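Asker: Sharing a structure below in structure tokens format, with a few things to ask.
The values are calculated or read from the model by the stated rules, or taken from the named source; none is laboratory data. On a predicted model such as this, the values are computed, not experimentally measured, just so you know. Counting neighbours? That spans all protein chains shown, and the Cβs are built from the backbone with ideal geometry, glycine included.
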Amino acid sequence: MSAKVHLHMHVSDLAKSRDFYEKFLGGDPVKVRQGYVKFLPEWAPVNLALSTGGPSGAGTIDHVGVQVESVESVMSQLARVKAAGLPVREEMGVNCCHANQDKFWVSDPDGVEWEVYHLNYDLEGEEDVMAKRPSLAVVSASSCCGGTTGCSS
């Protein structure tokens with residue numbers, strides 16, 4: 001997998017938005033959960049996540065990110081960004097948006113959050129989380145997929 005730009009958008013009507021993006025992107029979503037849909041179109045280097053609501057309301061971009069191919073890439077970029085003097089928020093082994101991820105966050109001068117992350121594995125349900133990594137806390141999609149606590153995938 002090559003790097004992809006990640007966009008997470010809040011929508012007012014998930015069914016209508018899903019229909020639109022299926023047509024626009026030319027394919028079905030790769031992940032569908034309660035209040036959440038994710039697209040990985042073959043023709044575009046984007047990972048598009050849609051969810052209902054959000055702290056800023058529908059029609060807003062929650063955050064932007066770059067999905068990289070390995071944890072090593074996350075760590076390399078993290079070291080580079082820290083060396084550049086930017087403040088970062090690290091989240092390693094976090095369960096968020098129906099997946100386990102290693103990532104870090106930075107905010108631009110206007111408060112737009114960017115994440116660099118690696119998707120370690122998809123989660124199917126809380127029972128799968130506990131079986132794979134019993135020491136990790138489960139974070140609900142609504143609390144991690146937006147605002148200040150962030151999410152990808």
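Asker: Can you tell me which residue within segment 72-104, out of those that are under 10 Å from residue 117 (Cα atoms) and in contact (Cβ under 8 Å) with a residue 40 or more places away in the chain, is surrounded by the fewest Cβ atoms within 10 Å (Cβ to Cβ)?
Answerer: Per the criteria, the residue is 73.
Asker: Go through (1) touching a residue at least 40 places away in the same chain (Cβ under 8 Å); (2) loosely packed, with under 12 Cβ neighbours inside 10 Å for residue 69 and report which single condition fails.
Answerer: In the conditions (1) touching a residue at least 40 places away in the same chain (Cβ under 8 Å); (2) loosely packed, with under 12 Cβ neighbours inside 10 Å, residue 69 misses (2) alone.
Asker: If I ask for residues that are polar (S, T, N, Q) and part of a helix (DSSP H, G or I), which ones from segment 1-38 would you list? Full working, then the answer.
Answerer: Initially, segment 1-38 is screened for residues polar (S, T, N, Q), giving 2, 12, 17, 34.
Result: 17, single match.
Asker: Residue by residue through segment 1-23, note down the ones that are closer than 12 Å to residue 44 by Cα and surrounded by fewer than 12 Cβ atoms within 10 Å (Cβ to Cβ).
Answerer: Once the filter is applied, which keeps residues that are closer than 12 Å to residue 44 by Cα and surrounded by fewer than 12 Cβ atoms within 10 Å (Cβ to Cβ), segment 1-23 yields only 2.
Asker: Could you please find all residues in segment 83-104 being over 22 Å from residue 30 (Cβ atoms) and either at pLDDT below 95 or under 11 Å from the mean Cα position of the chain (by Cα) (or both)?
Answerer: The answer is 83, 84, 85, 86, 87, 88, 104.
Asker: Residues in segment 125-133: is at least one modelled with pLDDT under 80 and part of a loop (DSSP other than H, G, I, E, B)?
Answerer: Yes - at least one qualifying residue is present in segment 125-133.
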